Amino acid sequence: MPGRHEPLTEGLLEGAFPAANPWPLYARLRAEAPVAWCEEPGFWAVSRMEDVLTVATDPATFCSSQGVLVMEIGTTYDSPPTMMHTDPPEHTAYRALVSPPFRKRVVEQMDAAVRARAGELVAALALGEPVDVVESLAVPFPLQVISDLLGLVDVDLDRLYRWSEALIPGSEDFTPDQALEVSAEVTAYLMDQAARRRRDPGEDLISMIALAALDGRRLDDVEVAMFLIQLLVAGNETTRNLISGSLVAFARHPEQWERLRKSKDGVGIAVEELLRWTSPVISFMRTATRDTVLGGQAISAGDPVLMLYASANRDEATFGPSAAQLDITRDPNHHVAFGFGTHFCLGAALARLEARVILELLRRRISHLEVAGEIVTSPSTVIAGVSRAILRLHPA
Ligand code: HEM
């Protein structure tokens, strides 16, 4: 659209995005063009916290049903691929259906099981030697936790990992054809699991979803697959990158690890700062349903609007002059690492529990962390990924 293109937004595109250090770009966007038009493929980039909150809390004006990722612009669906692609009232009904096991009080009951999984992995870490903390800790831990919750008892974790990787939007290691093939494979597997639970229900999440009723009818197969695939995928890559990103942050900011170790308090406040700091989900998109104004900028009906959660999490207007600093004692900490409003992350309590448990175990065993080799970040514009992080964890 003539006159409103902002060249800065080109840096947000696949290939040009400075994934390892996007912060200067975000700072310039917030200061110079907080609601900026990106000509190709055509979307508004929203970088300030205030505007992100406006979009996230107004699904009637900024809907999710026309896609939540830039790569979906122009795509239409016969049925929503995930709950994230729905709007009220459909979203409200779906969300109510799957919310109970993810409520904080229910998740807290998983503490012992989650701690046992983490304990095994932490005990197996080679201390004092270079280790890839992505492979040895950050990848297997969330996979184990979600498969326990779903009730996948004897599942092959390598297979689960491959599936979860292939289904991540824009995954680099799979061609679109391979991703489609894996999608069919995982759908068949999960539907078989659902069919078994209908015959012989258990206490697990697959049983709950397989037997769930909505408006007096049982969920159909497409809906069951939609929920199960999203639950399998949503919490893996995100929680993984929170864990690996946090450990890299502690290696680069040893004084923060020292503070965590010396503190007599719980690690909950530190987890919030690590969520803000790593912002594992960079952005999600909405589409304007009507002409509106956002941050003083006119938006037309049909325009895609990209909420840059990662940028909002460094907004000086919210976090003050220390917004660009890692401070594990920051409190209050109103970040949007889990989104905000209607689609606020369903798995937030579970992700917080996982991060807390890992930090509690590590702070007892590790005196300090050191970068001892490659730190490889993924170039994704959606997920702030760390695909390899060679650290040395020094025993306490
Ligand atoms: C550190 C870990 C995590 C981060 C940073 C994260 C981030 C997010 C964000 C930003 C959203 C908002 C989507 C939007 O705005 O459209 C979201 C939604 C969602 N997350 Fe998470 N997530 C994490 C872990 C998990 C886990 C462990 C699960 C489940 C096992 C999960 C399941 C979901 C689901 C189902 C939604 C969609 C909610 C809805 O549409 O109402 N997430 N997450």
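The values are calculated or read from the model by the stated rules, or taken from the named source; none is laboratory data. As the structure is a prediction and not an experimental result, all values here were calculated from the model. Neighbour counts are summed over all protein chains in view; Cβ atoms, including those assigned to glycine, are modelled from backbone coordinates with ideal geometry. Ligands, DNA and RNA are excluded from the accessible area calculation, which covers all protein heavy atoms including side chains. Shrake-Rupley method; radii C 1.70, N 1.55, O 1.52, S 1.80 Å.
Just a few scattered comments:
- Restricting the search to helices (runs of 4 or more DSSP H) fully inside the stretch 93-190 and requiring at least 2 residues that are more than 27 Å from R363 (Cα to Cα) and touching a helix residue (DSSP H, G or I) at 6+ places or on another chain (Cβ under 8 Å) gives 157-167.
- Within the stretch 178-217, the set of residues being closer than 18 Å to Y94 by Cβ and either open to solvent by 70 Å² or more (accessible area, probe 1.4 Å) or acidic (D, E) (or both) comprises D215, G216, R217.
- Options A337, A355; residue that is on the phi < 0 side of the Ramachandran plot and assigned to a loop (DSSP other than H, G, I, E, B): A337
- Checked across the stretch 70-82, the condition of being open to solvent by less than 10 Å² (accessible area, probe 1.4 Å) and at pLDDT 95 or above holds for no residue.
- Residues that are buried (at least 17 other Cβ atoms within 10 Å of the Cβ), in a loop (DSSP other than H, G, I, E, B) and away from the ligand (no atom under 16 Å from the Cβ), drawn from the stretch 296-314: D303
- Residue list for the stretch 137-177, filter: hydroxyl-bearing (S, T, Y), within 16 Å of the ligand (Cβ to nearest atom) and open to solvent by 50 Å² or more (accessible area, probe 1.4 Å): Y161
- Residues in the stretch 1-57 that are open to solvent by less than 60 Å² (accessible area, probe 1.4 Å), under 20 Å from P321 (Cα atoms) and not hydrophobic (A, V, I, L, M, F, W, C): P22, Y26, R30, P34, S47, D51.
- Check on R95, among the basic types (K, R), open to solvent by 40 Å² or more (accessible area, probe 1.4 Å) and in contact (Cβ under 8 Å) with a residue 60 or more places away in the chain: yes
- Within the stretch 358-381, tally of residues that are surrounded by fewer than 17 Cβ atoms within 10 Å (Cβ to Cβ), part of a strand (DSSP E or B) and either within 13 Å of the chain's Cα centre (by Cα) or not small (G, A, S) (or both): 5
- Taking each residue of the stretch 335-349 that is more than 7 Å from the ligand (Cβ to nearest atom) and looking for partners that are among the β-branched types (V, I, T) and open to solvent by 30 Å² or more (accessible area, probe 1.4 Å) with beta-carbon atoms closer than 7 Å, six or more apart or interchain, yields F340/T57; G341/T57.
- Identity of the residue in the stretch 17-43, more than 27 Å from A249 (Cβ to Cβ) and not in a loop (DSSP other than H, G, I, E, B), that ends up nearest to the chain's Cα centre (by Cα): F43
- Candidate set: the stretch 193-243, residues that are out of contact with any helix residue (DSSP H, G or I) (no Cβ under 9 Å at 6 or more places or on another chain) and of a type in the set (K, R); chosen: the one modelled with the highest pLDDT: R199
- Filtering the stretch 138-191 to residues that are of a type in the set (G, A, S) and in contact with a strand residue (DSSP E or B) (Cβ under 8 Å, 6 or more places away or on another chain) leaves only A138.
- Among the residues listed as D173, D154, D158, the single one being of a type in the set (D, E) and farther than 22 Å from R388 by Cβ: D154
A quick yes/no check of all residues on (1) within 11 Å of the ligand (Cβ to nearest atom); (2) open to solvent by 40 Å² or more (accessible area, probe 1.4 Å); (3) part of a loop (DSSP other than H, G, I, E, B); (4) of a type in the set (D, E):
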residue: N236; (1), (2), (3), (4): yes, no, no, no
residue: N241; (1), (2), (3), (4): yes, no, no, no
residue: W257; (1), (2), (3), (4): no, no, no, no
residue: D265; (1), (2), (3), (4): no, yes, yes, yes
residue: V271; (1), (2), (3), (4): yes, no, no, no
residue: L274; (1), (2), (3), (4): yes, no, no, no
residue: T287; (1), (2), (3), (4): no, no, no, no
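- Residue among V106, V134, V98 that alone is touching a strand residue (DSSP E or B) at 6+ places or on another chain (Cβ under 9 Å), within 16 Å of the ligand (Cβ to nearest atom) and of a type in the set (V, I, T): V134
- Residues in the stretch 66-92 that are part of a loop (DSSP other than H, G, I, E, B) and free of Cβ contacts under 8 Å to residues at least 24 places away in the same chain: 6 in all.
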